[in-house]
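This report refers to the structure that appears directly beneath it.
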Amino acid sequence: MNQDLKHNASGYRDIVAEKAIRNADRTPHEITELVDVIKKIAGAYGYDVEGRIAFKDKKTNMIYK
């Protein structure tokens, strides 16, 4: 995929497509909060989270890493 999301294949600026792609790729706020809570719980018990945490949305089957 083209790394320059501001321009389409013809080289013209496409603001609508750029915003749509960025919003589709964004991790939902609830996932960010969930990861933060898990890290805080682990820290309270004297542990660190090592590696990646993955979540699967039961409704949409989307996997967030």
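Any read-out appearing in this document is the output of simple, stated calculations on the displayed coordinates, not a laboratory observation. No experiment lies behind these values; they were computed from the predicted model shown. Counting neighbours? That spans all protein chains shown, and the Cβs are built from the backbone with ideal geometry, glycine included.
Tilt of helix 15-25 relative to the longest C-alpha principal axis of the chain, in degrees (0 to 90, nearest 10)?
Compared with the principal axis, the helix lies near 20 degrees.
Which value in deg cm²/dmol, rounded to the nearest 500, describes the helix-derived mean residue ellipticity at 222 nm for the chain, given -39,500 (n - 2.57) per DSSP H run of n ≥ 4 and division by the residue count?
-13500 deg cm²/dmol
Non-local amide H neighbours of H7 (under 5 Å, H modeled in plane, Pro and chain starts lacking H): which ones?
Correct list: D14.
Of all chymotrypsin sites (Phe, Trp or Tyr not before Pro) in the chain, which ones are in loop regions per DSSP and have a Cβ with at most 14 other Cβ atoms within 10 Å?
Those satisfying the criteria are Y12, Y45, Y47.
Just flag the GluC sites (Glu not before Pro) in region 1-58 sitting in loop per DSSP whose Cβ has no more than 15 other Cβ atoms within 10 Å. Intermediate values should be presented prior to the final figure.
On the way: sites: E18, E30, E33, E50; in loops: E50.
Filter output for region 1-58: E50.
Answer with a single label: of (1) 49; (2) 55; (3) 41, which was calculated as percent of Cα pairs over 18 Å apart from the structure in view?
Checked against the structure: label (2).
Using the Karplus curve 6.51 cos²θ - 1.76 cosθ + 1.60 with θ = phi - 60°, work out ³J(HN,Hα) for each residue of region 45-51 in order, rounded to whole Hz, and write x for Gly and Pro.
Here the 3J(HN,Hα) series is 8, x, 10, 10, 7, 10, x Hz.
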